[in-house]
Amino acid sequence: MYNIDNYIIKEFKVKNIPQNRDLCEYARRNRHKGCISEVVFWTQVHKKKFHGIDFNRQYIIGNYIADFFARSISLVVEIDGGSHNERLDYDKQRDIYMQSLGLKIFRTTDYDVMNNLDSVMKELEQFIINNYEHE
């Protein structure tokens, strides 16, 4: 369980998330090169800094790679850059697939991460409070 603004957030783990192991090397390369907004966000969430929730970077889900994944609450975090404007159909299909597995998706933009990081983190907190069981 996690505590966010006095809300108790229960763990929610989707079991047996499929992973295309052929993407392992590609995901590893992405972790090492990482775009600056992902690195900035990572500094806020790695080593359970964000309310004790464990996040992974460049996590394989099926044939897709999520920017960030919090397995304990089955949460995908995507940071969309300018290239996503040309990939709206791809992103939509990807979201549909991930949601069909029972995962929740929080999206933000690289602009907001770089210019409004505190707001992004507050929005993420609110997203978790609104979308997960709490007491």
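The values are calculated or read from the model by the stated rules, or taken from the named source; none is laboratory data. Being a predicted model, the structure only gives us computed values, none of them experimental. Quick reminder, even Gly has a Cβ in these numbers, built from the backbone with ideal geometry, and neighbours come from all protein chains shown. Only protein heavy atoms, including side chains, enter the accessible area calculation; ligands, DNA and RNA are left aside. Shrake-Rupley method; radii C 1.70, N 1.55, O 1.52, S 1.80 Å.
Residues are listed down the side, and each one gets a yes or a no for (1) at pLDDT 95 or above; (2) assigned to a helix (DSSP H, G or I):
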| residue | (1), (2) |
| --- | --- |
| R31 | no, yes |
| V39 | no, yes |
| W42 | yes, yes |
| V45 | yes, yes |
| F50 | yes, no |
| D54 | yes, no |
| I61 | yes, no |
| F68 | yes, no |
| V77 | yes, no |
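One residue stands out among those in the stretch 23-54 that are surrounded by fewer than 16 Cβ atoms within 10 Å (Cβ to Cβ) and among the hydroxyl-bearing types (S, T, Y): the one that is farthest from E123 (Cα to Cα), which is Y26. Scanning the stretch 79-101 for residues that are buried (at least 19 other Cβ atoms within 10 Å of the Cβ) and part of a helix (DSSP H, G or I) gives R94, M98. Do we find that N20 is over 17 Å from the mean Cα position of the chain (by Cα), more than 17 Å from Q126 (Cα to Cα) and open to solvent by less than 60 Å² (accessible area, probe 1.4 Å) in this structure? The answer is yes for N20. Contact map, the stretch 25-46: first residue in contact (Cβ under 8 Å) with a residue 40 or more places away in the chain, second residue open to solvent by 40 Å² or more (accessible area, probe 1.4 Å), Cβ cut-off under 6 Å, separation 6 or more or different chains; pairs are S37/D110; S37/M114.
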